[in-house]
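Worksheet for the structure shown next.
Values quoted throughout were computed directly from the atomic coordinates according to the rules given, and no laboratory measurement underlies them. Not measured: the values here are computed from a predicted model. Positions of Cβ are generated from backbone atoms using ideal geometry, with glycine treated the same way; all protein chains shown enter the neighbour counts.
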Amino acid sequence: MHIRELIQLLDSILDPSSYRDYAPNGLQVQGSRDVKRLVTGVTASLDLIEAAAAQGADAVLVHHGWFWKGEEARITGIRYQRISRLIESGMHLIGYHLPLDDHPEIGNNALLGKALGLSGDMRFGDYGWSAPCDCAITVPDLADRLETLLNRKPLVLGPQQGEIRRIGWCTGAAQDLIEEAAAIGCDCFISGEVSERTFHQAKELGITYFACGHHATERFGVRALGERIATETDIDVTFIDIDNPV
């Protein structure tokens, strides 16, 4: 498939023009050939680029790409290493950020909720989701479910006892939505990252916060997007998970 056709298909699924993002969505670095083999992954690290090249990929599709707003523009150091290796390999780099967080079916938030058996009935902030629990669950029980699901033991802040009846969640670095989650009546809030201030916010708001890892909470979307591409085209798609404890 020509890269232009693949980008048109991805854009038709994710509608990136509807978002004001912090990095370009779509084709970020042009490669040199048609796409027969695609590797998907969370972040366009050097490790992922090397792994994709070893697989003979023609393109790499990620959630966290390059050229972020406010980022150093000079191509030096690790930026040079990543970009030069990609260009040398002939692979295209494709990235979708907020559109892949927010998609109602294959987005990170939708799929995290689905994996937890939750169907979001209320939104908050820009991209936060929330849902009532069908039956009350305790903090330790939810921590265990998250650890099993994400293969990562969450850091739990705030109240450790009592029942959870409404869960809020937003993958990645959404820890600062904790106040809005509390304001709509959530007993707990799940995200990826954590800040020093989050400890005090959780305690003072009386809301339990689960920091589950930015990477761990955002493996869902790009993998699902790749699987969809595989079903709609003749492209061979492989998801490569470059583990990240953060």
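Values for this structure:
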quantity	calculated
Any helices (runs of 4 or more DSSP H) falling wholly within the stretch 137-246 and containing at least 3 residues that are of a type outside the set (A, V, I, L, M, F, W, C) and in contact with a helix residue (DSSP H, G or I) (Cβ under 9 Å, 6 or more places away or on another chain)	196-205, 220-232
Residue check, T238 surrounded by 24 or more Cβ atoms within 10 Å (Cβ to Cβ), closer than 30 Å to R37 by Cβ and touching a strand residue (DSSP E or B) at 6+ places or on another chain (Cβ under 8 Å)	no
Search result, residues across the stretch 177-188 that are free of Cβ contacts under 8 Å to residues at least 60 places away in the same chain and either aromatic (F, W, Y) or in contact with a strand residue (DSSP E or B) (Cβ under 9 Å, 6 or more places away or on another chain) (or both)	L177, I178, E180, A181, A182, A183, G185, C186, D187, C188
Residue that is surrounded by the most Cβ atoms within 10 Å (Cβ to Cβ) [pool: residues in the stretch 91-115 that are within 21 Å of C133 (Cβ to Cβ) and of a type in the set (A, V, I, L, M)]	L112
Residues that are free of Cβ contacts under 8 Å to residues at least 60 places away in the same chain and farther than 28 Å from P140 by Cβ, drawn from the stretch 203-229	E227
Check on D34, acidic (D, E), in contact with a helix residue (DSSP H, G or I) (Cβ under 9 Å, 6 or more places away or on another chain) and either part of a helix (DSSP H, G or I) or in contact (Cβ under 8 Å) with a residue 24 or more places away in the chain (or both)	yes
Residues of the stretch 79-111 classified as assigned to a helix (DSSP H, G or I), over 13 Å from W66 (Cβ atoms) and of a type in the set (G, A, S), total	2
Which listed residue, of L177, L142, L157, L149, is more than 22 Å from N108 (Cα to Cα) and among the hydrophobic types (A, V, I, L, M, F, W, C)	L157
Every residue from the stretch 43-74 that is of a type in the set (D, E) and not in a loop (DSSP other than H, G, I, E, B)	D47, E50
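Listed here are the residues, each with its yes/no results for (1) of a type in the set (D, E, K, R); (2) under 21 Å from G41 (Cβ atoms); (3) crowded, with 24+ Cβ neighbours inside 10 Å.
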| residue | (1), (2), (3) |
| --- | --- |
| Q160 | no, no, no |
| R165 | yes, no, no |
| Q201 | no, no, no |
| Y209 | no, no, yes |
| A224 | no, yes, no |
| A230 | no, yes, no |
